[in-house]
Amino acid sequence: AVAKCHASLNGVEIEAGGKLSSRIAQGMDVSNGKKGGERRKLDAITGARLLASLHVAATHLARLKPAAAPQIYLLGWGFTWVPWFFMLSGYILAYAHLTQPKSDVKSALKSGSHLSPLAFCHRRLASVYPLYLLGVCISLGMLAQSGKVFTVRPSALLAQVFLMQAWLPSETEHALQSQCWFLSAMIPFWLLHQSIVGFVDRLPTHSVVKLLALISLLPWIALVLLPGVLGIPLDWYSVHKWKAFKYWFDVAVVVLKFHPMCYLHIYIFGVALAVIYVRFHRPGVRVPWVAENGAIIGYTLLALIFSLPALCPPAHK
């Protein structure tokens, strides 16, 4: 169910058989740009998203009742998939955009049916916001039934209704259904999506690879190198308590964990991956070994980190 909802957030459906379908890709062969052909299967994304969703859900369930949950090291790593889902959103939407037949894009521009950023964002929200709002109302009703409705901060509730909780650090951890901050953070990415894809797609391939490398280094620079230079413990974030918003580290933790601008580079990373993938997967193009096998290597290393405490990276959370 989580995976299905995430597909709706992206505006792209990956069917059970692994085929890509959407309003902008339906009925075309995304491998060669011809109408009516076989569509490229994305089985790997379907399977990876299922495993990631199950891991996130299991981690949340384990935290609801820690005493009843088994002490499994793997369940402490569910948060890892949060940036991965942001990356996946950029990847899928960019992939669908890049595999449109050029003639269809020209026709859309001439007819005026080409979506503006606001219309693009509206289309993404149309299928998920009603369910999101229903969930908020149900949570509010449950609190009212238990006599705890007055514990809800009106400012946090107002921010959540307008999908602004991720933008307002003082309200983020006070929102009902706090896990839904992800949807709030996606809004600016949807608004900027067409500009981001256009910019990255204009770069030569070697520059796109350099962009991927730079984005990969950013967390190490900001969260490992910089604290080391300043003499700050690498686990400085661990002193933050949920809903605390008093000291500088409380503000910093909430911003790092939830603010959209702290995930923009990851969304761009997904777009850049889609650009590389589409350029390599064309007739006559030799695919580099690392591009062909990188995902297998990456997921294998990730599985080892999830399983062996000795491999836990510094400042990992």
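The values are calculated or read from the model by the stated rules, or taken from the named source; none is laboratory data. Just so you know, these numbers come straight off a predicted model, no measurement behind them. Don't worry about glycine lacking a Cβ; one is built from the backbone with ideal geometry, like all the others, and counts go over all protein chains shown. Remember, those area values only see protein heavy atoms, side chains included, never the ligands or the DNA or RNA. Shrake-Rupley method; radii C 1.70, N 1.55, O 1.52, S 1.80 Å.
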Next item on the list: Write out, first by first residue and then by second, each pair whose Cβ atoms fall under 7 Å of each other, whose residues are 6+ apart or on separate chains, and whose first residue, in the stretch 105-133, is within 17 Å of A185 (Cα to Cα) and aliphatic (A, V, I, L, M) while the second is open to solvent by 60 Å² or more (accessible area, probe 1.4 Å) and at pLDDT 85 or above.
Entry: none
Check: How about the stretch 134-153: which of its residues are open to solvent by less than 60 Å² (accessible area, probe 1.4 Å) and part of a helix (DSSP H, G or I)?
Finding: G135, V136, S139, L140, G141, L143, A144, V149
Notebook entry, point to check: Considering the stretch 110-136 alone, what residues qualify as being at pLDDT 90 or above and over 22 Å from the mean Cα position of the chain (by Cα)?
Noted result: L134
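Consider the stretch 166-206. How many of its residues are outside any helix (DSSP H, G or I) and polar (S, T, N, Q)?
Number of matching residues: 1.
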Notebook entry, point to check: Which residues, counting only those in the stretch 88-109, are surrounded by 11 or more Cβ atoms within 10 Å (Cβ to Cβ), at pLDDT below 80 and in a helix (DSSP H, G or I)?
Noted result: D104, V105, K106, S107, A108
Next item on the list: Examine the stretch 292-315 for a residue that is charged (D, E, K, R), open to solvent by 80 Å² or more (accessible area, probe 1.4 Å) and free of Cβ contacts under 8 Å to residues at least 60 places away in the same chain, and state whether such a residue exists.
Entry: yes
Next item on the list: Answer yes or no as to whether L225 is aliphatic (A, V, I, L, M) and at pLDDT 90 or above.
Entry: yes
Notebook entry, point to check: If you go through the stretch 225-241 one residue at a time, how many are touching a residue at least 60 places away in the same chain (Cβ under 8 Å) and in a helix (DSSP H, G or I)?
Noted result: 3
Margin query: Condition first: in contact (Cβ under 8 Å) with a residue 24 or more places away in the chain and loosely packed, with under 11 Cβ neighbours inside 10 Å. Can you find one or more residues in the stretch 201-224 that meet it?
Written below: no
Next item on the list: Sort through W236, W242 and tell me the only one that's in contact with an Asp or Glu (Cβ under 9 Å, 6 or more places away or on another chain) and within 26 Å of S170 (Cα to Cα).
Entry: W242
Checklist line | From the options V197, V229, residue that is in contact with a His (Cβ under 7 Å, 6 or more places away or on another chain) and not hydroxyl-bearing (S, T, Y) | finding: V197
Check: Got a number for residues in the stretch 242-264 being surrounded by 11 or more Cβ atoms within 10 Å (Cβ to Cβ), more than 20 Å from the chain's Cα centre (by Cα) and outside any helix (DSSP H, G or I)?
Finding: 4
